[in-house]
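Right, one structure below, let's go through it.
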Amino acid sequence: MTTFVDRVELHVAAGNGGHGCASVHREKFKPLGGPDGGNGGRGGDVILTVDQSVTTLLEYHHSPHRKATNGKPGEGGNRSGKDGQDLVLPVPDGTVVLDGAGNVLADLVGHGTSYVAAQGGRGGLGNAALASARRKAPGFALLGVPGDVQDIHLELKTVADVALVGYPSAGKSSLISVLSAAKPKIADYPFTTLVPNLGVVTAGETVYTVADVPGLIPGASQGKGLGLEFLRHVERCSVLVHVLDTATLESERDPVSDLDVIEAELSEYGGLDNRPRIVVLNKIDVPDGKDLAEMVRPDLQARGYRVFEVSAVAHMGLKELSFALAELVAAARAARPKEEATRIVIRPQAVDDAGFTVTREEDGLFRVRGEKPERWVRQTDFSNDEAVGYLADRLNRLGVEERLMKAGARNGDGVAIGPEDNAVVFDWEPSVSAGAEMLGRRGEDHRFEAPRPAAQRRRDRQAEKDEADGEYEGFDPFAS
């Protein structure tokens with residue numbers, strides 16, 4: 001049964017925004033008291049957050065589909081809908097977020113670091129918020145915007161100071177078990193370690209972490225064995241330690257050739273040439289191992305390596321090794337640039353930037369792309385003529401109509417707003433109110449211009465009285 005997963009595909013969906021409400025205030029003696037529709041609530045975000053208590057992506061391997069809650073729709077009486085709840089997904093320290101094309105979206109290092117993987121949709125405005133001096137009583141509301149839907153990849157790259165690399169059964173797990181309090185599985189057969197093991201080592205005043213990277217054999221960088229699965233865990237380490245077996249039973253192997261093979265795989269993987277190296281000749285408690293270590297030590301030192309002879313079983317040479325590693329780790333930490341406080345950078349939008357583009361495609365269709373027009377289209381209820389007229393007014397004020405004319409659009413040409421897979425297509429008619437003219441000026445409700453019944457009855461009685469008075473004034477009782 002799988003207990004460790006360091007790469008998953010995650011399908012995240014943010015919450016949709018709630019629809020706005022189109023409502024008219026009703027009260028005794030106030031049949032049309034004005035618009036009072038509330039706004040819809042915002043959809044919840046999907047947020048990835050580093051949690052030190054999480055060490056694997058196993059949870060998302062079993063449940064790859066995650067969705068935040070939707071915002072509630074607005075209601076009458078100026079009651080806004082409730083916002084959707086954010087979905088916070090804990091991930092291990094060192095998780096890299098990539099899109100489907102392999103581009104890095106975020107590198108999450110450090111407890112509490114967060115990344116919004118999918119942003120919730122904004123809620124639609126109710127007709128109370130849409131009212132203005134020009135549009136006193138809108139008979140429509142805006143729809144909520146759908147939340148983002150994304151397919152992302154999560155890769156875990158272990159955050160450690162020191163990486164132990166070497167052939168299977170070279171003694172890496174045994175070494176990390178005696179240097180730290182880690183208790184990895186140890187056995188005398190290859191590929192005992194199937195997951196990276198982490199241990200914390202204290203040497204004097206320096207505390208650092210050591211990772212046991214399993215599965216490195218010839219061809220690992222091309223996917224042979226388990227090496228390709230775990231080579232990514234070496235990337236963040238400051239120091240590389242070659243653990244070489246001086247008591248191997250395989251006649252065709254020796255410490256120097258093992259070192260050359262592992263170095264070739266690291267070079268093929270790339271990006272590790274500047275990491276300091278240390279060579280550990282392990283298993284010197286075996287007589288033949290001690291003799292072999294003494295033979296190869298001068299050759300390794302001639303190559304520029306610092307060489308340590310140790311025995312994880314007999315606890316020989318461990319203190320010197322741990323303090324040497326602490327020295328290299330401290331130097332690497334001191335060489336890192338100091339972390340600066342996060343600065344808020346404000347990038348105002350250019351004044352002459354309309355925020356959209358108009359392009360003419362090969363089939364003669366004019367396509368409008370831009371954050372504003374596409375969002376406005378998604379928020380429009382096309383079953384409501386008044387809402388369609390309001391959309392036409394907004395697009396006209398934004399300058400879409402002018403851009404279409406400059407691009408060569410003529411009356412009756414096809415215009416699409418949005419991407420190819422989700423666009424609204426219509427025949428363009430310049431300066432036409434899209435059917436809302438039957439309601440008077442676009443964005444206004446003719447019902448509010450109608451007279452009240454009681455007032456109408458008073459006017460009717462007054463007209464009858466005026467007509468009677470006129471007939472009486474024209475009567476001459478002495479006429480023959």
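The values are calculated or read from the model by the stated rules, or taken from the named source; none is laboratory data. Quick caveat: nothing in here was measured; it's all calculated off a predicted structure. With ideal geometry, Cβ positions are generated from the backbone for all residues, glycine too; neighbour counts draw on all protein chains shown. Calculation scope for accessible area: heavy atoms of the full protein, side chains included, ligands and nucleic acids excluded. Shrake-Rupley method; radii C 1.70, N 1.55, O 1.52, S 1.80 Å.
Which whole-Hz couplings ³J(HN,Hα) result when phi for each residue of region 279-287 is put into the Karplus expression 6.51 cos²θ - 1.76 cosθ + 1.60, θ = phi - 60°, listed in order with x for Gly and Pro?
Values per residue, Gly and Pro as x: 10, 10, 8, 8, 6, 6, 6, 7, x Hz.
Any of Lys157/Lys319; Lys172/Lys319; Lys82/Lys136 with alpha carbons more than 24 Å apart? Name them for me. List each step's numbers first, then the result.
Numbers: Lys157/Lys319 28 Å; Lys172/Lys319 16 Å; Lys82/Lys136 26 Å.
Lys157/Lys319; Lys82/Lys136, as the Cα separations exceed 24 Å there.
If ligands, DNA and RNA are left out, what is the accessible area of Ile176 with a 1.4 Å probe, given in Å² to the nearest 10?
Accessible area of Ile176: about 0 Å².
Report ³J(HN,Hα) in whole Hz for each residue of region 385-401, in order, from the Karplus equation J = 6.51 cos²θ - 1.76 cosθ + 1.60 where θ = phi - 60°; Gly and Pro get x.
For region 385-401, the Karplus curve yields 4, 5, 5, 5, x, 5, 4, 4, 5, 5, 5, 5, 5, 5, x, 5, 4 Hz.
Mind listing the long-range amide H neighbours of Lys157? Cut-off is under 5 Å, sequence gap 5 or more, other chains count too, H placed in the peptide plane at 1.01 Å from N.
The list, which skips near neighbours in sequence, is Thr95, Val96.
For region 360-414, run through the GluC sites (Glu not before Pro) and keep only the ones in DSSP coil with at most 12 other Cβ atoms within 10 Å of their Cβ.
Glu361, Glu362
Could you give each residue of region 146-156 its phi-based ³J(HN,Hα) in whole Hz, using Karplus coefficients 6.51, -1.76, 1.60 with θ = phi - 60°, and x for Gly or Pro?
The phi angles translate into x, x, 5, 10, 9, 10, 10, 10, 10, 10, 9 Hz.
Tell me, what is the per residue accessible area of region 1-80 in Å², probe radius 1.4 Å?
On a per-residue basis, region 1-80 sits at 53 Å².
How many angstrom lie between the Cα centre of region 306-339 and the Cα centre of region 60-95?
When both Cα centres are located, 46 Å separates them.
Keeping all protein chains in the complex and leaving out DNA, RNA and ligands, what accessible area do you get for Lys30 with a 1.4 Å probe, in Å² to the nearest 10?
100
Whose amide H sits under 5 Å from the amide H of Gly76, counting only residues 5 or more places off or on another chain, with H placed in the peptide plane?
Here the answer is Gly38, since their amide H atoms fall under 5 Å of that of Gly76.
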